[in-house]
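Participant: First, the structure itself, so that you have it in front of you.
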Amino acid sequence: MIFTKDHKTRDMFDPLARFGPHRRCLLEGSWAKLFREEILHELPVHQVARHYSESKGAPSKDLYAMLGIMLLQQMRDLTDEETVEQVAFNQMWHYALGISAGVEREAYVCAKTLWSMRQLLAEHDLSTAVFEAVTQKLAEVFSVSPAWQRQDSVHVLSNMRHLGRIGLFVRTMRKFLVNLKRHHRGLFAELPQELSERYMKGQGEGVFALVKPSESQRTLESLGTDLLFLVERFRQIDGVVSMGSYQLLVRLLKEQCTVEGDGQGTRVSVKANKEVASDSLQSPTDPDAGYSGHKGKGYSVQVMESYTGKEDQLSLITHVSVAPAQHSDAHALIPAIEDTAARGLGPEQVLVDSLYGSDDNCEKAKGLGVEVVSPVMGRPEGQAMSLADFGVDDRGQIASCPQGQVARKSKERGGRHSAVFSREICERCHQRQQCPVKRGKRGYYLHYDDKAIRLAHRRRYEQSEAFREAYRFRAGIEGCISQMDRRTGIKRLRVRGVKAVTLCAKLKAAGVNVVRAAAFRVRITAGDGPQGTPGHALDALGRLAQGIILAIGRHASQIPHWLPLPCRSLAPLAL
């Protein structure tokens, strides 16, 4: 059954009545107050409730609180056991999640409930809805301008073991044999005893780990033979073919080995390292993970955040996406722009590094009304002059050279252009050796296309002060990623699989947004500069309380009888 509390209606009684002024001030200056007042009731409970029955089963935990717990767990990078303790005993969590004081059922959640909710959110990609709801609400509350944004990626490791090629073969076949023995014991018993013992015995894996480097290729060939035997042995048995571990065997054989057949039988050979694709299987425990030659095994998480360059504006993470590590950053910019634009947080200008700023991406972004500020990848040709030095006409075609000579003729064919300059003038030019024109039959020719001109002008713009002034803010995205790692531990996760990694990445990003917004609110409400901290606000509250006590002491005889008893009892202390 579905159970949800009404977190929009104000409390009849003060939930902080049991706190003294010092603890109350600390709590109201923390993220908990912002979470309770602005975030909790905006969580997408309606999307989670679809997967519960309205009439059957025991009442669920408060779904608002459960979504909040999932978010706070990732924000604090807690294990399930640590999360259970926080829900049970942390009063800040109670206040943030709207947990009623003294209600045992609300203040306790077991690890199984956390696991079930996490599986539900990951399987149906509900973490996206949580991230978008939190970000949208904070953007409205703090009037965040998304006009300027920046993007970069971070490499993430899931909870998988890093395996070499021998370890990959051994672990994959062992995983299959364990599952075969569990679900098809009769078929497992029919296998050669030597084969099963080689991979099932505890000391078997240790034997493979002691292989000398000079014998590794021979060992791989032996493992490839065993792998082919297992694949062929059960190829016609439907109950085995449908097993996920068998499908990993087939994938491993296809990606790592070459099978050749002749009149004498079938032979298998292991591919060279350079012949194995980057999207190949990296670990049988995490088949979704990929490989990047630059960063290694794992996943790539794209992060886009807003910025203004001013202290009086809040910066929010507006987009998060996850892909296997082999996916290039060059393919991540346009989807991020389209995603933020669909939610009303689309940028007008994006700062990215050169891998994102390909000419194709810049043109697509321009069609979406977004300016991409990025260095041009690669180095220009060796000439001292570039196409940016030439004059262009209204159609964007080159009309004159850097010395002012007008082109005698211009042509366009198949998207490529050419301009012809006078041979007599070019041969007398003192900058002939630095000019990119080439001598031809009828003059000196300059061949180019639209992309070449655009890149040349971008390289010219890179040398300007305007580009340096705009692009200097791109480094801030590195600080954003560092904050995500320090606060939420995003670079090393406790889960496996692209769905679970996506869940963690998006909830951690939402948690960082909450922490940022809470710190921003304290800084704005308490004053600008270093004085705007909760500690100074607490000192001010203490001085106010001290003044009240002294005033009561001086007028102890005139204390009204209607004052609350605690206030009346302060007079002797002041005296």
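The values are calculated or read from the model by the stated rules, or taken from the named source; none is laboratory data. Here the structure is a predicted model, which means the values were calculated and not measured. FYI the Cβ positions are ideal-geometry reconstructions off the backbone, even for glycines, and counts take in every protein chain you see. For the accessible areas, the whole protein counts, side chains as well, though only heavy atoms, and no ligand, DNA or RNA atoms are used. Shrake-Rupley method; radii C 1.70, N 1.55, O 1.52, S 1.80 Å.
Participant: What about Ala289, is it free of Cβ contacts under 8 Å to residues at least 24 places away in the same chain and either closer than 21 Å to Ser127 by Cα or β-branched (Val, Ile, Thr) (or both)? Outline the logic, then answer.
Facilitator: Details: free of Cβ contacts under 8 Å to residues at least 24 places away in the same chain: no; either closer than 21 Å to Ser127 by Cα or β-branched (Val, Ile, Thr) (or both): yes.
Here the answer is no, as Ala289 does not meet what is asked.
Participant: Considering only region 77-132, state which residues are charged (D, E, K, R) and either at positive phi or under 26 Å from the mean Cα position of the chain (by Cα) (or both).
Facilitator: So in region 77-132, the residues charged (D, E, K, R) come out as 77, 80-82, 85, 104-106, 112, 118, 123, 125, 132.
Once the filter is applied, which keeps residues that are charged (D, E, K, R) and either at positive phi or under 26 Å from the mean Cα position of the chain (by Cα) (or both), region 77-132 yields Asp77, Asp80, Glu81, Glu82, Arg118, Glu123, Asp125, Glu132.
Participant: Let me ask another. Based on what the data block shows, is Arg235 part of a loop (DSSP other than H, G, I, E, B), out of contact with any Pro (no Cβ under 9 Å at 6 or more places or on another chain), open to solvent by 70 Å² or more (accessible area, probe 1.4 Å) and on the phi < 0 side of the Ramachandran plot? Before you say what the answer is, go through the steps one by one.
Facilitator: On the way: part of a loop (DSSP other than H, G, I, E, B): yes; out of contact with any Pro (no Cβ under 9 Å at 6 or more places or on another chain): yes; open to solvent by 70 Å² or more (accessible area, probe 1.4 Å): yes; on the phi < 0 side of the Ramachandran plot: yes.
Taking the combined requirement at face value, the residue satisfies it.
Participant: Condition first: in contact with a His (Cβ under 8 Å, 6 or more places away or on another chain), closer than 30 Å to Leu168 by Cα and of a type in the set (A, V, I, L, M). Can you find one or more residues in region 321-334 that meet it?
Facilitator: Just the residues of region 321-334 that are in contact with a His (Cβ under 8 Å, 6 or more places away or on another chain), to begin with: 325.
Among the residues that remain, those that are also closer than 30 Å to Leu168 by Cα are: 325.
Filter once more, so that each one left must be of a type in the set (A, V, I, L, M): 325.
Within region 321-334, one or more residues are in contact with a His (Cβ under 8 Å, 6 or more places away or on another chain), closer than 30 Å to Leu168 by Cα and of a type in the set (A, V, I, L, M).
Participant: Among the candidates Leu157, Leu168, Leu180, which residue alone is touching a Lys or Arg at 6+ places or on another chain (Cβ under 6 Å), aliphatic (A, V, I, L, M), over 30 Å from Val370 (Cα atoms) and in contact (Cβ under 8 Å) with a residue 40 or more places away in the chain? Before you say what the answer is, go through the steps one by one.
Facilitator: Working: Leu168 fails: touching a Lys or Arg at 6+ places or on another chain (Cβ under 6 Å); Leu180 fails: touching a Lys or Arg at 6+ places or on another chain (Cβ under 6 Å).
Of Leu157, Leu168, Leu180, the one residue that is touching a Lys or Arg at 6+ places or on another chain (Cβ under 6 Å), aliphatic (A, V, I, L, M), over 30 Å from Val370 (Cα atoms) and in contact (Cβ under 8 Å) with a residue 40 or more places away in the chain is Leu157.
Participant: Hey, another quick one. Answer yes or no as to whether Met173 is assigned to a helix (DSSP H, G or I) and over 30 Å from Val370 (Cβ atoms). Break it down into steps so the answer makes sense when it comes.
Facilitator: Numbers: assigned to a helix (DSSP H, G or I): yes; over 30 Å from Val370 (Cβ atoms): yes.
Against the criterion (assigned to a helix (DSSP H, G or I) and over 30 Å from Val370 (Cβ atoms)), Met173 qualifies.
Participant: In this structure, is Ser321 among the small types (Gly, Ala, Ser), more than 21 Å from Ala470 (Cα to Cα) and either open to solvent by less than 20 Å² (accessible area, probe 1.4 Å) or within 17 Å of the chain's Cα centre (by Cα) (or both)? Spell out the reasoning first.
Facilitator: Details: among the small types (Gly, Ala, Ser): yes; more than 21 Å from Ala470 (Cα to Cα): yes; either open to solvent by less than 20 Å² (accessible area, probe 1.4 Å) or within 17 Å of the chain's Cα centre (by Cα) (or both): yes.
So Ser321 passes the test.
Participant: Report whether or not Lys491 is closer than 30 Å to Val154 by Cβ, at pLDDT 55 or above and open to solvent by 40 Å² or more (accessible area, probe 1.4 Å). Outline the logic, then answer.
Facilitator: Numbers: closer than 30 Å to Val154 by Cβ: yes; at pLDDT 55 or above: yes; open to solvent by 40 Å² or more (accessible area, probe 1.4 Å): yes.
Yes: the conditions hold for Lys491.
Participant: I've got another one for you. From the residues in region 129-152 that are open to solvent by 10 Å² or more (accessible area, probe 1.4 Å) and among the hydroxyl-bearing types (Ser, Thr, Tyr), which one is nearest to Ala470 (Cα to Cα)?
Facilitator: Ser145
Participant: For region 434-449, which positions are farther than 23 Å from Gly378 by Cβ and touching a residue at least 24 places away in the same chain (Cβ under 8 Å)?
Facilitator: Filtering region 434-449 down to residues farther than 23 Å from Gly378 by Cβ leaves 439-445.
Scanning region 434-449 gives Gly443, Tyr444, Tyr445.
Participant: On the given criteria, is Ser55 open to solvent by less than 20 Å² (accessible area, probe 1.4 Å) and over 25 Å from Val512 (Cα atoms)?
Facilitator: Numbers: open to solvent by less than 20 Å² (accessible area, probe 1.4 Å): no; over 25 Å from Val512 (Cα atoms): yes.
Taking the combined requirement at face value, the residue does not satisfy it.
Participant: Pairs please, first residue from region 97-116 and within 19 Å of Asp80 (Cα to Cα), second anywhere and open to solvent by 40 Å² or more (accessible area, probe 1.4 Å) and assigned to a helix (DSSP H, G or I), Cβ atoms under 8 Å, 6+ apart in sequence or on different chains.
Facilitator: Leu97/Arg36; Leu97/Tyr64; Ala111/Glu81
Participant: A follow-up question, please. Residue check: is Ser306 in contact with a strand residue (DSSP E or B) (Cβ under 8 Å, 6 or more places away or on another chain), surrounded by fewer than 21 Cβ atoms within 10 Å (Cβ to Cβ) and modelled with pLDDT of 95 or more? Before the answer, list the steps.
Facilitator: Working: in contact with a strand residue (DSSP E or B) (Cβ under 8 Å, 6 or more places away or on another chain): yes; surrounded by fewer than 21 Cβ atoms within 10 Å (Cβ to Cβ): no; modelled with pLDDT of 95 or more: yes.
No, not satisfied.
Participant: Checking Arg267 against (1) in contact with an Asp or Glu (Cβ under 7 Å, 6 or more places away or on another chain); (2) open to solvent by 80 Å² or more (accessible area, probe 1.4 Å); (3) in a loop (DSSP other than H, G, I, E, B), which single condition isn't satisfied?
Facilitator: (3)
Participant: Scan (1) open to solvent by 50 Å² or more (accessible area, probe 1.4 Å); (2) touching a strand residue (DSSP E or B) at 6+ places or on another chain (Cβ under 6 Å); (3) under 14 Å from Leu168 (Cβ atoms) for the single condition Ser278 breaks and write down its number.
Facilitator: Checking Ser278 against (1) open to solvent by 50 Å² or more (accessible area, probe 1.4 Å); (2) touching a strand residue (DSSP E or B) at 6+ places or on another chain (Cβ under 6 Å); (3) under 14 Å from Leu168 (Cβ atoms), the one that fails is (3).
Participant: If you don't mind, there's one more thing I want to ask. Taking region 86-113 as the region of interest, how many residues are outside any loop (DSSP other than H, G, I, E, B) and surrounded by 12 or more Cβ atoms within 10 Å (Cβ to Cβ)?
Facilitator: Pass one, region 86-113, residues outside any loop (DSSP other than H, G, I, E, B): 86-89, 91-97, 111-113.
Now restrict to residues that are surrounded by 12 or more Cβ atoms within 10 Å (Cβ to Cβ): 86-88, 91-97, 111, 113.
Adding up the residues that qualify gives 12.
Participant: Of all residues in region 417-436, which are closer than 11 Å to Leu446 by Cα and either over 49 Å from the mean Cα position of the chain (by Cα) or not polar (S, T, N, Q) (or both)? Show your work before the answer.
Facilitator: Applying the first criterion (closer than 11 Å to Leu446 by Cα) to region 417-436 yields 417-421, 435-436.
Hits for region 417-436 are His417, Ala419, Val420, Phe421, Cys435, Pro436.
Participant: Just the residues that are modelled with pLDDT of 95 or more and over 19 Å from Ser116 (Cβ atoms), please, taken from region 47-75.
Facilitator: Met75 - this is the single residue of region 47-75 that is modelled with pLDDT of 95 or more and over 19 Å from Ser116 (Cβ atoms).
Participant: Whether any residue in region 22-39 is out of contact with any Ser or Thr (no Cβ under 9 Å at 6 or more places or on another chain), closer than 20 Å to Asp125 by Cα and either outside any helix (DSSP H, G or I) or open to solvent by less than 40 Å² (accessible area, probe 1.4 Å) (or both) is what I want to check. Steps first, please.
Facilitator: Filtering region 22-39 for residues out of contact with any Ser or Thr (no Cβ under 9 Å at 6 or more places or on another chain) gives 22-28, 30-39.
Those left that are additionally closer than 20 Å to Asp125 by Cα: 39.
Narrowing the set further to residues that are either outside any helix (DSSP H, G or I) or open to solvent by less than 40 Å² (accessible area, probe 1.4 Å) (or both) leaves 39.
Yes - at least one qualifying residue is present in region 22-39.
Participant: Tell me yes or no: at least one residue of region 313-325 is assigned to a helix (DSSP H, G or I) and closer than 27 Å to Thr135 by Cα. Step through it out loud before you land on a result.
Facilitator: Restricting attention to region 313-325, the residues satisfying the condition of being assigned to a helix (DSSP H, G or I) are none.
So far as region 313-325 goes, no, none of its residues is assigned to a helix (DSSP H, G or I) and closer than 27 Å to Thr135 by Cα.
Participant: If Asn361 passes every condition in (1) in a helix (DSSP H, G or I); (2) of a type outside the set (A, V, I, L, M); (3) farther than 30 Å from Arg150 by Cβ but one, which one does it miss?
Facilitator: Failing condition for Asn361: (3).
Participant: Only residues in region 12-31 that are of a type in the set (A, V, I, L, M) count as the first member; pair them with residues that are part of a helix (DSSP H, G or I), Cβ under 6 angstrom, at least 6 apart or cross-chain, and list the lot.
Facilitator: Leu16/Arg24
Participant: Now a separate question. Between a first residue in region 450-477 that is under 20 Å from Asp359 (Cα atoms) and a second residue that is modelled with pLDDT under 90 and not in a loop (DSSP other than H, G, I, E, B), which pairs have beta carbons less than 7 Å apart while being 6 or more apart in sequence or on different chains?
Facilitator: Ala452/Leu387; Ile453/Leu387; Ala456/Leu387; Ala456/Ala388; His457/Ala388; Arg459/Ala388; Arg460/Ala388; Phe467/Tyr461
Participant: Just to be sure, is Arg251 of a type outside the set (Gly, Ala, Ser), surrounded by fewer than 16 Cβ atoms within 10 Å (Cβ to Cβ) and outside any strand (DSSP E or B)?
Facilitator: Criteria met by Arg251.
Participant: Give me the pairs, please: first residue somewhere in region 320-333 and touching a residue at least 12 places away in the same chain (Cβ under 8 Å), second residue anywhere and in a loop (DSSP other than H, G, I, E, B) and of a type in the set (Lys, Arg), beta-carbon distance under 9 Å, and either six or more positions apart or on two chains.
Facilitator: Note: pairs meeting the criteria are Ala325/Lys295.
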